[in-house]
Amino acid sequence: MPIRRKKHQSDSVFINNDGTPLQVNQINEVVLSTLSNSGIDTTKFKSHSTRSAMASLQLSNNVPFHVVKKMGRWKSNDTVDTFYDQRITGEKSGGFLNNVVQLS
């Protein structure tokens, strides 16, 4: 039987087996566990690192900037440019995207 969201629950993407939304700390635990099990150094990279990596990966694959910005729910272009677009800055020094995501 598939897991279903309880009636009148929020539109949470990540839910427990009982249909209740996962809490932020639970999502962080899942992400960190997955990173660790994948051989990623979780003393260096945290769950939030995936946010930057995915934004950078999308931009590297020519996803339009405005789409990446909207998907990340960022209001400012400067925020994306400064903190999340790591296609050039940071990757030469061993950033998450370079270490984890293999660009083809």
Partners for Lys69 among aspartates and glutamates (Cα-Cα distance below 13 Å; same-chain residues under 8 apart left out): Asp78, Asp81, Asp85
Gain on full stretching of the segment that runs from Val63 to Glu29 - 0.36 nm per residue minus C-alpha separation: 9.3 nm
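Throughout, read-outs are computed from the coordinates displayed, never taken from laboratory work. This one's a predicted model, so the numbers in the text were calculated from it and none came from an experiment.
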